[in-house]
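Read the structure below first, then the notes.
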Amino acid sequence: MYNKSLSRELSLISLGLIKDKGDFKLSKFQIEEIFESALDSLINHCRDELDNCQAELENASQNIIESELKEGVDSSYANVRDDLKKSLTKIETVMNTLSITLDFPKLIVSSGQVDIRDDVNQRISKTINNLTIIDSDIDQAMDGWKLKRLPRIDRDILRLAYVDINFLNTPVAVACDEAVNLANKYSDMQGRKLINGILRRLQTVKFQ
């Protein structure tokens, strides 16, 4: 059983490497090249998270030292403790991300490798081959907005949800949950709220 969440994330990164204007086709070889680039991006993201984690740990360590040196000054002590709490919260967030991200390369070379690659290939092909109708249908669920006004990452998250629902027979609730997970990781606060709203409408709109 391969990891479909991983397939969706790699598909999202892959789509970001492809133009999104009109329907067009890519060869399997071209998609494979894009897949490899997406995997490299994911690994680099993991490395960036490691670097961020190291920086936060160093900052937290420095705050601990300063709090001990300034313990006699109430205001400084309180400020340092507050900064330390924020740093530790950031570290926890980074570590939670890493606990998932660090498994990705291992998953790629596991028994599900071919299945994951085939699934990503299918998701990318379905998206780029049907981009015009996908964007048009999503526009209908946007309540006065247009998909083209959204940041690229948000557009692609919604497109992948559409592909899940309409081409891959994924249950609507599952497709929406997966899209929300991607939004939580890759979009900003405004984007997450907008995607959530559109996805709620998608659950009540049957695309043709």
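The values are calculated or read from the model by the stated rules, or taken from the named source; none is laboratory data. From a predicted model like this one, the values you see are computed outputs, not experimental measurements. Cβ coordinates were reconstructed from backbone atoms using ideal geometry, including for glycine residues, and neighbour counts include every protein chain displayed.
Overview of results
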| quantity | calculated |
| --- | --- |
| Asp154 vs. criteria free of Cβ contacts under 8 Å to residues at least 40 places away in the same chain and crowded, with 17+ Cβ neighbours inside 10 Å | no |
| Output for the stretch 173-199, where each listed residue is buried (at least 17 other Cβ atoms within 10 Å of the Cβ), farther than 15 Å from Lys4 by Cα and aliphatic (A, V, I, L, M) | Ala183, Leu194, Ile195, Ile198, Leu199 |
| Output for the stretch 182-194, where each listed residue is in contact with an Asp or Glu (Cβ under 9 Å, 6 or more places away or on another chain) and within 22 Å of Asp119 (Cβ to Cβ) | Leu182, Ala183, Lys185, Tyr186 |
| Top-ranked residue of the stretch 17-31 - restricted to ones that are closer than 23 Å to Leu147 by Cβ and surrounded by fewer than 16 Cβ atoms within 10 Å (Cβ to Cβ), ranked as modelled with the highest pLDDT | Leu17 |
